Amino acid sequence: MTSKNTSTRLLLALWDLGGMQQEVKKGQLTKRIVSKSQKVADYQGIFDDLQKEGAIAISKKGYSLTSGKGLEALGEGLRSGDFKFEGTIVGTWAANALVKWISQIDIAVTGADVLVNGKGAIASYDEFKSVALEVYDKLNYEYNFNNLVPIYRIRRGIGDRVSRTEFNDWLLETQANDILQLQGGSVEDSAPDKIEDSVATELDGLRCYATRLKP
C-alpha cells in the first residue's frame with residue numbers, strides 16, 4: 001500500500017460519496033477504502049497528512065473534501081503516471097467514480113477554490129479585478145509564491161464564474177492598467193493543462209505568472 005496511491009484512492013472515494021457538498025460519515029468512507037485484511041488505524045497517517053495539506057477536513061463524525069486543495073490533490077493524483085489500483089480486483093465503486101470524474105473533470109477542476117466556489121458569475125471587469133486580486137492574495141499567502149503567482153492557479157481559483165475568453169481579456173486589462181504584471185517562463189512541471197490555463201498573446205507570447213504592482 002503506497003502512500004500516494006492510498007491518498008488518491010481515499011480522496012476519490014470521499015469525492016464520490018459527496019464530500020464536496022456534505023460531511024461523509026467515517027464508517028461510510030472507511031467501508032470503501034479499508035479492506036478485510038486492514039484496519040482503520042492503518043490509514044490514520046494518510047488522514048493526518050491530507051488534513052495538514054488542507055485537502056480534507058476532519059470532525060468527530062466524519063470527513064469532507066475541500067473544494068480547493070482537495071480537488072487539486074485528487075486531480076493531480078489521478079493524472080500521475082504512478083497511480084494505479086493495487087491487487088487483482090477493483091471495486092465497482094472505484095470504476096464508477098472514475099467514470100463520473102472523467103465526465104465532470106472540467107467542472108470539478110475548474111471550479112476548485114473554496115474562496116469563490118458557489119458564488120455567481122462575474123459580470124464586469126471591475127468585479128473580475130476584485131475577485132482576481134482576492135484569489136491572488138490568498139494563493140500568494142497560503143502557498144508562499146513570493147509575489148509570483150501562477151496564472152493557471154488564478155484561473156482555476158476563479159473557476160467557472162468567468163469564461164476563458166473573459167478571463168484572458170480582463171487579466172490582460174489588469175496588466176494594461178498596471179495592476180498586475182504578467183511574466184513569461186513556464187509552469188513548474190511543464191504540464192500541458194497548466195500551460196493551457198496560462199495566458200498567451202500574439203505580441204507577448206506565453207505568460208505563466210502574475211506579479212501584483214498595486215496594493
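Here the stretch 24-39 is the region considered, the condition is being under 17 Å from residue 65 (Cβ atoms) and β-branched (Val, Ile, Thr), and the residue that is modelled with the highest pLDDT is 24. Could you say whether any residue in the stretch 56-64 is in contact with a Lys or Arg (Cβ under 8 Å, 6 or more places away or on another chain) and either surrounded by 13 or more Cβ atoms within 10 Å (Cβ to Cβ) or over 27 Å from residue 142 (Cβ atoms) (or both)? Scanning the stretch 56-64 turns up at least one residue that is in contact with a Lys or Arg (Cβ under 8 Å, 6 or more places away or on another chain) and either surrounded by 13 or more Cβ atoms within 10 Å (Cβ to Cβ) or over 27 Å from residue 142 (Cβ atoms) (or both). Of all residues in the stretch 1-41, those satisfying the criterion of being open to solvent by 80 Å² or more (accessible area, probe 1.4 Å), in contact (Cβ under 8 Å) with a residue 40 or more places away in the chain and part of a loop (DSSP other than H, G, I, E, B) are 1, 22, 23. Just for the stretch 146-167: of the residues that are over 14 Å from residue 207 (Cβ atoms) and in a loop (DSSP other than H, G, I, E, B), which one is least open to solvent (accessible area, probe 1.4 Å)? That would be 162. Would the stretch 80-98 turn up any residue that is among the polar types (S, T, N, Q), farther than 22 Å from residue 196 by Cβ, modelled with pLDDT of 85 or more and open to solvent by 30 Å² or more (accessible area, probe 1.4 Å)? No, the stretch 80-98 contains no residue that is among the polar types (S, T, N, Q), farther than 22 Å from residue 196 by Cβ, modelled with pLDDT of 85 or more and open to solvent by 30 Å² or more (accessible area, probe 1.4 Å). Just one of the listed residues (106, 126, 160) is modelled with pLDDT under 70 and either aromatic (Phe, Trp, Tyr) or farther than 21 Å from residue 54 by Cβ (or both), and it is 106. The set of residues in the stretch 168-198 being buried (at least 21 other Cβ atoms within 10 Å of the Cβ) and either without any contact (Cβ under 8 Å) to a residue 24 or more places away in the chain or not in a helix (DSSP H, G or I) (or both) consists of 180, 197, 198.
The values are calculated or read from the model by the stated rules, or taken from the named source; none is laboratory data. All figures in this text were calculated on a predicted structure; none of them were measured in a lab. Because the Cβ atoms are built from the backbone with ideal geometry, glycine has one as well, and the counts that use them run over all protein chains shown. When the accessible area is computed, the model is the full protein with side chains, heavy atoms only, and any ligands, DNA or RNA have been set aside. Shrake-Rupley method; radii C 1.70, N 1.55, O 1.52, S 1.80 Å.
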